[in-house]
Amino acid sequence: MSEQSRRPRRPAKPYRRPQRDPVRILAFEALRAVDERDAYANLVLPPLLRKAREKGDFDGRDAALATELVYGTLRRQGTYDAIIAECVDRPLREVDPPVLDVLSLGVHQLLGTRIPSHAAVSASVELARVVLGDGRAKFVNAVLRKVTQNDLDGWIAKVAPPYDEDPEDHLAVVHSHPRWVVSALWDSLGGGRAGIEELLAADNERPEVTLVARPGRSTAEELLGEEAAVRGRWSPYAVRLTEGGEPGAITAVQEGRAGVQDEGSQLVALALAGAPVEGPDEKWLDGCAGPGGKAALLAALAAERGAVLLASEKQPHRAGLVEKALHGNPGPYQVIAADGTRPPWRPGTFDRVLMDVPCTGLGALRRRPEARWRRRPEDLDNFAPLQRALLRTAIDSVRVGGVVGYATCSPHLAETRAVVQDVLKQRPETELMDARPLLPGVPELGEGPDVQLWPHVHGTDAMYLALIRKTG
């Protein structure tokens, strides 16, 4: 018998079950839903959190961490992808998407949070063991240990091209936006490095929750009684929750007397409602009303003046959301499911018309960070005919002396000024109004007559508004 065979064998290490971490498993599930189903995190995450709380798995701190992991990972996905690509031995497209999600969550914990490195790696490997298996957990461990060799600034210096050589690609990597989005936003701002850097950085900040007190049903004073609530910057109906919080737990929100609504959206509705019209002011239209936030504010403002709002939405399920948002309005209103390009109402019916058209949503990247990775330049061509058709409908729908508001949640020039200019060239019976005086107290509104709001300037989504009067 050989010497080696006489040596006692070391006992095999007993198999250890992976530790289930409810917070990180939930974050992983949310990222998979975003990737596999093209879901939006702001729609997927709340029911997952609610279910976890009902099961007793989560407390408030757990929910906050899960939310940060999901949104932080999505916002910085472009930067993290560039870093991960430096740490793997294959093209990133050959890494299975679930593995990439675990890696991205791990990189965010390492480079974007205060979680200690050893804890971030350990938690990520345990998550990989649970959702991917032991074999791929070893791969995750190896990659994340390479990531620990630098902090975020060190990695950016390594993976981002120098600004002087390629400004757009540098900004795309540093601020985690697709290059074409960087270029488009830069054009909309009108040049200059400082402005675009501030805007891209603002897109990656966690936005405050903003509430709207619906007139005649609630007041800002009522909402200011909530914890960490402060007044909005610009809208008299806006209240900001500076420490996040759960809007659904607020009584006025539960009862529909208040809602969650970005202040930029409130300003669009207020500007349209405040625009001077010639003659009667009795019939208002929201021609793209879903999911109902602006319609609810407009309906409340209309009720104060004895006017009636018709809220029209093409998709029946979204029309149902509008009906829910308007339920309990202090005055009469009507909600219908109708195609705004083939409207069932007669031309010249309305005194005021809002047309907040479908768009790329590039103005709301703070709230929907995954949209930056989902959108493509060709989406602009797909939206363009619809946007122009809806603006033409709005002009047809308003009477002489009435006002149309054309709005988008995008600052892209192809969705804003280009649409307005193209349509108005063919409509000599219209004129652009100066929208800026209708946003009193709001600074830096540009040369007009239209208005573009910005996250880094106004603290709002990048809403665009043009006001058009029908003159003949």
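Other residues within the sphere of radius under 13 Å centred on the Cβ of residue 307, judged by their own Cβ, net out at -2 (K and R +1, D and E -1).
Would you mind working out the magnitude of the charge dipole of the stretch 165-234 relative to its Cα centre, with +1 at each Lys and Arg C-beta and -1 at each Asp and Glu C-beta, to the nearest 20 Debye?
Details: 7 positive and 14 negative charges, 85 e Å.
With Lys and Arg at +1 and Asp and Glu at -1, about 400 debye.
Of all segments of the chain bounded by chymotrypsin sites (Phe, Trp or Tyr not before Pro) found in a DSSP loop with no more than 15 other C-beta atoms within 10 Å, the longest spans 164-472.
Assigning unit charges at the beta carbon (Lys, Arg +1; Asp, Glu -1) and nothing else, what dipole magnitude in debye, to the nearest 20, does the chain show about its Cα centre?
In total the dipole reaches around 1840 debye.
Taken over the stretch 189-321, the alpha-carbon convex hull comes to 153 cubic angstrom per residue.
Please compute the net charge surrounding residue 442, taking Lys and Arg as +1 and Asp and Glu as -1 over other residues with Cβ under 10 Å from its Cβ.
Net local charge, residue 442 excluded: 0.
Quick note: the coordinates plus some simple rules give every number you see, no bench work behind them. The structure displayed is predicted, hence computed values, not measured ones. No Cβ is skipped: glycine too gets one built from the backbone with ideal geometry, and neighbour counts run over all protein chains shown.
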